[in-house]
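In what follows, a single structure is set out as structure tokens and then discussed.
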């Protein structure tokens with residue numbers, strides 16, 4: 001009986017030492033799933049934080065990154081910087097970022 005108990009404890013300790021072997025018995029050794037095809041990076045939302053226009057110098061801070069006209073940030077290209085807005089190009093579409101948030105009252109004319 002001691003022999004069977006010792007053998008059982010030995011088998012459990014070997015299983016604890018090699019947990020990778022305790023998985024799917026039909027999985028080939030050294031198996032690692034292939035990563036999915038690299039997709040185009042998804043542009044996360046752009047947050048305009050600051051605009052600086054001084055003479056001919058124009059810069060802005062978008063997503064904590066200092067950018068100038070022509071720079072790229074998170075997959076978007078900065079097209080134009082004005083004192084109140086920044087125009088970016090994302091996938092051939094223009095999007096306007098503004099420091100002034102639109103409200104229900106600001107859209108009434």
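The values are calculated or read from the model by the stated rules, or taken from the named source; none is laboratory data. As the structure is a prediction and not an experimental result, all values here were calculated from the model. With ideal geometry, Cβ positions are generated from the backbone for all residues, glycine too; neighbour counts draw on all protein chains shown.
Taking the conditions exactly as written (at pLDDT 90 or above and over 29 Å from the mean Cα position of the chain (by Cα)), does residue 67 satisfy them or not?
No: the conditions fail for residue 67.
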Legend entry - Long-range neighbours under 6 Å by Cβ, at least six apart or interchain, first residue part of a loop (DSSP other than H, G, I, E, B) within segment 65-82, second exposed (fewer than 13 other Cβ atoms within 10 Å of the Cβ): 74/44; 75/41
